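Novice: Structure incoming, see below.
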Amino acid sequence: MNRINKLFETKKQNILSVYFTAGFPNLNDTVEIIQELEKNGVDLIEIGIPFSDPTADGPTIQKSSETALKNGMNLNLLFEQLKDIRKSVNIPLILMGYINPVYQYGIDRFCEKCAEIGIDGTILPDLPLDEFESHYKAFYDKNNLHNILLITPQTSEARIRQIDEISGGFIYMVSSASTTGAGKKVEDFHQDYFERIQNMQLKNPRLIGFGISDRATFGNACKYANGAIIGSAFVNAVSSSTDLKTGIKVFVENIIQPD
Amino acid sequence: MKYQVDEKGYYGEFGGAWIPEMMYTNIEELKNRYLEIIGSEEFKSEFDQLLKDYVGRPSPLYFAGRLSEHYGTKIYLKREDLNHTGSHKLNNTIGQILLAEKLGKKRIIAETGAGQHGVATATVCALKGLQCVVYMGALDVSRQAPNVKKMKMLGAEVVPVHSGNKTLKDATNEAMRDWINNPEDTHYIIGSVVGPHPYPDMVARFQSVISKEMKSQLLEQTGSELPTRVLACVGGGSNAAGAFYHFLDDEQVELIGVEAAGKGVDTEETAATLTVGSPGVLHAAKTMLMQNADGQITEPYSISAGLDYPGIGPLHAHLHKTGRAKFLAATDEEVLQSVLLLTQKEGIIPALESAHALAALDKIKMKPDDVNVINLSGSGNKDMETYLNYFGY
């Protein structure tokens, strides 16, 4: 069974997913960041594949991507770094990025490599639903991979149903219309949107992302979904901490440890 | 209609709408409504009126006698440089501002490189009293100071973009981010035949007035509406799309697009996407791109800020692939010589971009009776500083 499905079967609430950019702050931090996140209780990890033109990302992830590329990160190297990851890490791992690097790598080769390493899914915001369905889904299915799709406050009910139908792992609920790390407070987000989605009784679990940065915003998001995703705030934390291990521990504890 | 966009937004294998879900509602609304809106009698009459009385259309088709004599053939110039704001860019922004009004949008955003599209957008926003925000790479802001000041005088806010190479590509990224963050009240006026469907088709339709006029002017001046060939410069490709549009199905008309070779297509400093590029996805379209083996977009270079773009409209990628149009590349050096030649043969100072099309005249075989139409897409006013420095006047 895909690890994402296993996770949502055993844990229904307060799921914490963390995004980081591979190759940032240093080229070879990838494996250590993953191991430390798991050790400190993170449920799911999104490994960012840096791209030169991240149009759905705000300044923090733009900057981490730029640094990662300067450091020499690329998809081949990332796969090389991850080749033994399943010897030490059990939680689900997702690759997140933009379609062009994946397209150049070759979608069939990419999916096979993900399966070989033990990657459980992808989030590729600029791979739209219809392109995924008609040209990509078969490769995903063959390799037991999930492609996680996004919904926003503007997504129509009919389209949400369509996305729910084709989704396998979970649905990524973008908290408000924004790029990542846009800094709008999650309390201010459309309560009615969260409730509307909650009442739709979708078959897939949901995680809320964009604008989740601390214990309060995480806690609030968890009231309306199975959990939430933190990206920019974590990238900021690792970029400013001198010791990676301590930095990660403190960051995650601040989100999930009981008071 | 074999070179028109299909119902999925593709030209052959190129195009589509590779947008994040956050842009879906806006793009879907545009896709569902643009044809109905721009096809309506009300829109058409308002658009045509503004093109005539405000832009100053039709732009002349001028027989360039001394240039023709120089090359031993017949050369006609389509004078888009004589439009209000000095280039073809206004044709598109007039169309899109009317469309934005019909969609009930209150705020306009745009990207710009040289500042021509930014000025054309700020102009129509002033005309219609709409809020205008123009994203411009920080490097271009300093390179193109007069256009920045013009936009501000027209009431637009100019936002310098500091990411990446601080040029057109980065300005486009930032405009897309703005749209993602403002999905309700904002319309994004893209300046070229790039971006997600329906932009490439919509912008090509607004620019197609160029080739529509060419046909009737050629009929009047030469007795036939079909020339031997049409030449236009290509960055994203909006003026070329407009100049080719009504000739696409007249297969006997040779279509020639000219890209910016920069310092040479065999150097790192080039913007000749079709020569050095490969298929990929950028700015929400599948098209030809300048990129490395890992799919990271590489930085283009051209002396002309308007052609300094690492992609190309999907229509042109398709015309290239099918062979319907031929694409050449001209270096900075060749372009500057063509600027001087036109200036001193005809008393017309062309924009750097447009001079790429002129430079192609040295690269093709022409017969004395051939009718060559060059789309002179913009005026050289904005490039005077470059010219004065280079030629040392």
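The values are calculated or read from the model by the stated rules, or taken from the named source; none is laboratory data. The shown structure was predicted, so the numbers you read here are calculated from the model rather than taken from an experiment. Neighbour counts run over all protein chains shown; Cβ positions are idealised from the backbone, glycine included. Ligands, DNA and RNA are excluded from the accessible area calculation, which covers all protein heavy atoms including side chains. Shrake-Rupley method; radii C 1.70, N 1.55, O 1.52, S 1.80 Å.
Novice: What cysteines in chain B have no other cysteine with a beta carbon less than 4.7 Å from their beta carbon?
Specialist: B:C233
Novice: Taking amide H positions as placed 1.01 Å from N in the peptide plane, with prolines and chain starts having none, which residues 5 or more places from B:V158, or on another chain, fall under 5 Å of its amide H?
Specialist: Close amide H contacts, sequence-distant or interchain: B:V134.
Novice: Let me ask something additional. Filter the GluC sites (Glu not before Pro) in the stretch A:52-161 down to the DSSP loop ones having no more than 16 other Cβ atoms within 10 Å, then list what survives.
Specialist: none
Novice: Roughly how many debye, to the nearest 20, is the charge dipole of the stretch B:151-272 about its Cα centre, given +1 on each Lys and Arg Cβ, -1 on each Asp and Glu Cβ, and no other charges?
Specialist: On the way: 9 positive and 18 negative charges, 52 e Å.
Charge dipole, the stretch B:151-272, about its Cα centre: 240 debye, nearest 20.
Novice: Over chain A, with a single point scatterer placed on each C-alpha, what log10 of the ratio I(q)/I(0) does the Debye formula yield at q = 0.08, 0.15, 0.17 1/Å?
Specialist: Ignoring solvent entirely, the Cα scatterers give -0.27, -1.08, -1.46.
Novice: While we're on this one: Given charges of +1 on the Cβ of Lys and Arg and -1 on the Cβ of Asp and Glu, with all other atoms neutral, how large is the dipole of the protein assembly as shown about its Cα centre, in debye to the nearest 20? Don't skip to the answer; put the middle values down first.
Specialist: Numbers: 63 positive and 81 negative charges, 68 e Å.
Dipole size: approximately 320 debye.
Novice: Calculate what fraction, in whole %, of the accessible area of the protein assembly as shown sits on carbon and sulfur atoms when a 1.4 Å probe is rolled over the protein chains. Each step should come with its number before you reach the end.
Specialist: Working: 11640 of 23840 Å².
Accessible surface attributable to carbon and sulfur in the protein assembly as shown totals 49 percent.
Novice: Something else about it: Please enumerate, by chain and number, the lysines with C-alpha under 18 Å from the C-alpha of A:K142, excluding those fewer than 8 residues away in the same chain.
Specialist: The qualifying lysines are A:K113.
Novice: For the stretch B:65-159, which semi-axes, largest first and in whole Å, follow from the square roots of 5 times the eigenvalues of its Cα gyration tensor?
Specialist: Working: eigenvalues 185, 63, 18 Å².
That gives 30, 18, 10 Å for the three semi-axes.
Novice: If you take the charge dipole of the protein assembly as shown about its Cα centre, with +1 on Lys and Arg Cβ and -1 on Asp and Glu Cβ, which of A:N76, B:Y24, A:C114 is farthest toward its positive end?
Specialist: Result: B:Y24, furthest along the dipole toward the positive end.
Novice: Please give every one of the aspartates and glutamates within straight-line cross-link reach of B:K365, meaning a C-alpha to C-alpha distance under 16 Å, and leave out same-chain neighbours fewer than 8 residues apart.
Specialist: Result set, ordered by chain and number: B:E69, B:E254.
Novice: Where only protein heavy atoms count, and the probe is 1.4 Å, what is the accessible area per residue for the protein assembly as shown in Å²? List each step's numbers first, then the result.
Specialist: On the way: 23840 Å² over 652 residues.
Using a 1.4 Å probe on heavy atoms only, each residue of the protein assembly as shown averages 37 Å².
Novice: I've got another one for you. What base-10 log of the normalised intensity I(q)/I(0) is obtained for the stretch A:131-259 from the Debye formula, alpha carbons as equal point scatterers, at q = 0.12 Å⁻¹?
Specialist: For the stretch A:131-259, the Cα-only Debye profile gives -0.53.
Novice: For peptide A:125-135, how many partner chain Cβ atoms fall within 10 Å of a residue's Cβ, on average?
Specialist: Details: counts 7, 11, 4, 11, 2, 3, 6, 0, 0, 1, 0.
Shielding by partners across A:125-135 averages 4.
Novice: Let me know the Kirkwood hydrodynamic radius for the stretch B:168-306, please, with Cα pairs as the basis and the value in Å to one decimal. It would help to have the intermediate numbers written out before the result.
Specialist: On the way: mean 1/r = 0.0598 Å⁻¹.
Computed over the stretch B:168-306, the radius equals 16.7 Å.
Novice: A follow-up question, please. So for each of A:18-29, A:51-62 I average, over its residues, the number of other beta carbons within 10 Å; can you give me the resulting order with the highest mean first? Walk me through the intermediate numbers first.
Specialist: On the way: A:18-29: 22.6, A:51-62: 24.2.
The most tightly packed comes first, giving A:51-62, A:18-29.
Novice: Using a 10 Å cut-off on Cβ atoms, rank the peptides B:94-105, A:206-217 from the highest mean neighbour count down.
Specialist: Numbers: B:94-105: 20.3, A:206-217: 22.0.
Put in order of decreasing packing, that is A:206-217, B:94-105.
Novice: State, in square angstrom and to the nearest 100, the accessible area buried between chains A and B, both chains counted, probe radius 1.4 Å.
Specialist: On the way: alone 11450 and 15200 Å², together 23840 Å².
The A and B chains share an interface burying roughly 2800 Å².
Novice: Taking the convex hull of the Cα atoms, report for the stretch B:140-201 its projected area averaged over all directions, in nm².
Specialist: Average of the hull's projected areas for the stretch B:140-201 equals 5.1 nm².
Novice: Cβ under 12 Å from B:N147's Cβ, B:N147 left aside: what net charge do those residues give with Lys, Arg +1 and Asp, Glu -1?
Specialist: Around B:N147, the charge tally is +3.
Novice: Still on this structure: Along its three principal axes, how long is the stretch A:202-251 when you only count alpha carbons? Whole Å, largest extent first please.
Specialist: Extents along the principal axes, in whole Å: 42, 19, 16.
Novice: Please check: in the Gaussian network model of chain B (C-alpha springs, under 10 Å), which one of B:T331, B:T73, B:T287 has the largest mean-square fluctuation.
Specialist: B:T73
Novice: Can you give the average number of partner chain beta-carbon atoms within 10 Å of each beta-carbon in peptide B:288-300, as a whole number? Spell out each step's value before the answer.
Specialist: On the way: counts 0, 2, 0, 4, 5, 4, 14, 14, 11, 4, 1, 1, 0.
Counting other chains' Cβ atoms within 10 Å and averaging over B:288-300 gives 5.
Novice: Label-point separation (nm) for A:M1 and B:Q344, each offset 7 Å from Cα along Cα-to-Cβ?
Specialist: 8.1 nm
Novice: Something else about it: Just to check I understand the Karplus step: with θ = phi - 60° and J = 6.51 cos²θ - 1.76 cosθ + 1.60, what whole-Hz values come out for the stretch A:221-238, glycine and proline as x?
Specialist: So the J values, rounded to whole Hz, are 4, 5, 5, 10, 8, 6, x, 8, 10, 10, x, 3, 4, 5, 4, 4, 4, 6.
Novice: Additional query: How many Lys pairs in the stretch B:17-140 lie less than 18 angstrom apart by Cα atoms, where the lysines are 8 or more positions apart or on different chains?
Specialist: For the stretch B:17-140, qualifying lysine pairs total 13.
Novice: Binning at 20 angstrom from zero up to the longest distance, how are the C-alpha pair distances of chain B distributed in percent?
Specialist: Pair shares across the bins are 31, 62, 7.
Novice: While we're looking at this one, here's another question. Residue-wise, which Karplus ³J(HN,Hα) couplings in Hz belong to the stretch A:47-62, taking 6.51 cos²θ - 1.76 cosθ + 1.60, θ = phi - 60°, and x for glycine or proline?
Specialist: Going residue by residue, I get 8, x, 8, x, 9, 5, 10, x, 6, 9, 10, x, x, 4, 6, 4 Hz, with x marking Gly and Pro.
Novice: Mind giving me the FRET efficiency for A:I256 and B:E157? R0 is 51 Å, r the Cβ-Cβ distance, nearest 0.05 is fine. Please list the in-between numbers first.
Specialist: Numbers: r = 42 Å, r/R0 = 0.82.
With R0 = 51 Å, the Cβ-Cβ based efficiency is 0.75.
Novice: Let me ask something else. Ignore the peptide's own chain and count Cβ atoms of other chains within 10 Å of each Cβ in A:44-53; give me the average, rounded. Please report the intermediate quantities before stating the final value.
Specialist: Numbers: counts 0, 0, 0, 0, 0, 2, 2, 5, 16, 13.
Per residue, the number of nearby Cβ atoms from other chains is 4 on average.
Novice: Work out the P(r) tail for the stretch B:257-393: percent of alpha carbon pairs separated by more than 25 Å, whole number.
Specialist: Working: 2691 of 9316 pairs.
Of the Cα pairs, 29 percent sit more than 25 Å apart.
Novice: Semi-axes of the equivalent ellipsoid of the protein assembly as shown: what are they in whole Å, largest first, if each equals the square root of 5 times a C-alpha gyration tensor eigenvalue? Each step should come with its number before you reach the end.
Specialist: Details: eigenvalues 452, 121, 99 Å².
Semi-axis lengths for the protein assembly as shown are 48, 25, 22 Å.
Novice: Can you pull the one-decimal nm distance between simple spin-label points at A:D108 and B:N389, each 7 Å off the Cα toward Cβ?
Specialist: 5.1 nm
Novice: Among A:F20, A:T179, A:G169, which residue has its Cα positioned farthest towards the positive end of the charge dipole of chain A, with +1 placed on the Cβ of Lys and Arg, -1 on the Cβ of Asp and Glu, and the dipole taken about the Cα centre?
Specialist: So the residue we want is A:G169.
Novice: For A:I208, which sequence-distant residues (separation of 5 or more, or a different chain) have an amide H within less than 5 Å of its own amide H, given hydrogens modelled in the peptide plane?
Specialist: Distant-sequence amide H within range of A:I208: A:M173, A:G227, A:A228, A:I229.
Novice: For a quick protection proxy, order the peptides B:182-195, A:192-205 by their average other-Cβ count within 10 Å, most packed first.
Specialist: On the way: B:182-195: 23.4, A:192-205: 14.7.
Descending packing order for the listed peptides: B:182-195, A:192-205.
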